[in-house]
1. Of the numbered conditions (1) out of contact with any His (no Cβ under 7 Å at 6 or more places or on another chain); (2) over 30 Å from G112 (Cβ atoms); (3) crowded, with 22+ Cβ neighbours inside 10 Å, G410 fails exactly one; give the number of that condition.
2. Can you spot a residue in the range 398-410 that is under 14 Å from I214 (Cα atoms) and among the small types (G, A, S)?
3. Quick one: which residue in A345, A391, A366, A386 is closer than 24 Å to L74 by Cβ and touching a Ser or Thr at 6+ places or on another chain (Cβ under 6 Å)?
4. Look through the range 156-186, keep the residues that are without any contact (Cβ under 8 Å) to a residue 60 or more places away in the chain and in contact with a strand residue (DSSP E or B) (Cβ under 8 Å, 6 or more places away or on another chain), and return whichever of them is surrounded by the most Cβ atoms within 10 Å (Cβ to Cβ).
5. Where the second residue is modelled with pLDDT of 95 or more and part of a helix (DSSP H, G or I) and the first is closer than 18 Å to A251 by Cα and lies in the range 286-305, which pairs have Cβ atoms under 7 Å and are six or more apart or on separate chains?
6. Just one of the numbered conditions (1) farther than 13 Å from G112 by Cβ; (2) β-branched (V, I, T); (3) not in a loop (DSSP other than H, G, I, E, B) is not true of T175; which one?
7. Suppose we keep only residues that are of a type in the set (D, E) and under 25 Å from I310 (Cα atoms) within the range 31-74. Which one would you say is farthest from the chain's Cα centre (by Cα)?
8. Looking at the range 1-21, which of its residues are out of contact with any Phe, Trp or Tyr (no Cβ under 7 Å at 6 or more places or on another chain), buried (at least 18 other Cβ atoms within 10 Å of the Cβ) and part of a helix (DSSP H, G or I)?
Amino acid sequence: MGVQARAAAHRLAQLSAAEKNAILLGMAAGLRSATESVMAANALDLQAAADKGLAPAMLDRLRLDAPRLEAIALGIEQVATLKDPVGDVMDAWQRPNGIRIEQVRVPIGVIGIIYESRPNVTSDASVLCLKSGNATILRGGSEAIHSNKAIAAALQAGGEAAGLPEHAIQLIPFTDRESVAAMAGMDKYLDLIIPRGGKGLIETVVALARMPVIKHYDGICHMFIDAEADGEMAAALVVDSKTQKPGVCNALETLLIHAEVAPRLLPAIAAKLAEKGVELRGDARTRQILGAAAKPATEEDWHAEYLDLILAIKVVPSLDAAVAHINEYGSHHTDAIVTADEVAAERFMHEVDSACVFHNVSTRFADGEEFGFGAEIGISTDKLHARGPMALRELTSYQYRLRGTGQTKGR
């Protein structure tokens, strides 16, 4: 598969933007025409997951239906409308000796994607890699193996009819652990690995990989309600961040609230969360305010990515304390402040060391599509070479192109 992907990457790098866009439209059409077979495959995965006792939030991440498949197809078509980054001149200058230098975006080459339960990643990864001129080898998780096979087959069939090079998108058809180790050792063929999943998977890939890895560790997202926050806005943002889709990496996991406003704002926020079925776990001050509505929080709760309807709450004495808590316990993913104080907001956004920092915005907006990037391949908590939502530009490298008139180094 590595040999085939390397050959495909060379052909992909020669495709024009128009040719790649035509392939993408073919892939979207292929997925739509395979709706019934994809849903039948997904039903097998859902039944197996239910038999294993997966949590409701995890089952929701796995579930596909006609509207979700249509959303995936629309996402493919949206990527086709985006500007192709390949060939962009990032910088250009001329040296005193007359040599002209350009820094130009180029595909990375072959990208390995290792991911777990969400079958939409099969499509997202495939189309973004294709648009950016990269071949890809996909290794999905056991929970979605039937769905992944069906989606990959649909994309391949639709794409081939529109000119997709053979082996440009390959899905490993099995999920044994040895396949992860095998991919991690394929530095001759894979230029980059992107693991998407639990911390254990990512740590395994990082430990074994002989090529660069872009990591997406836990999404321990925080929201800090400042002393100058609007109460209604704060409640709405907390509820949306926690409950709009709790099983995803940009869902709120820990709420911090300033001690000055906690007695006034917390009860109303807790009531709205209770309506959504959220379990609250609070520090001592939170439990003084909320009573039996909050269970005691432990040290583990400040480190927790619940991916469920559970929220940790802590009352803090100041902005400094909130920032210190986030930088100690956070995962450098997405953290937000709710405040009418612009100075406090700017301090928060400068001092919190996370890929995404928000002011008066739900954490659920930490998403490539919401940023206008189209589908995303993940959210990087690294600092090199990509950080935050990863889309087309983050799937390119660059080369220097020099043009001259016969210049030699010798004098």
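The values are calculated or read from the model by the stated rules, or taken from the named source; none is laboratory data. Here the structure is a predicted model, which is why all the values come from computation and not from measurement. As a convention, Cβ positions derive from the backbone with ideal geometry for all residues, glycine included, and neighbour counts pool all protein chains shown.
1. Just one mismatch for G410, condition (3).
2. no
3. Values: A345 fails: closer than 24 Å to L74 by Cβ; A391 fails: touching a Ser or Thr at 6+ places or on another chain (Cβ under 6 Å); A386 fails: closer than 24 Å to L74 by Cβ.
Criteria check complete, one pass: A366.
4. My answer is I169.
5. Cβ pairs passing all conditions: W302/Y329; H303/Y329.
6. (3) is the only condition that T175 fails.
7. Residue satisfying both the conditions and the ranking: D51.
8. If the condition is that a residue be out of contact with any Phe, Trp or Tyr (no Cβ under 7 Å at 6 or more places or on another chain), buried (at least 18 other Cβ atoms within 10 Å of the Cβ) and part of a helix (DSSP H, G or I), then A8, A9, L12, K20, N21 are the ones that fit.
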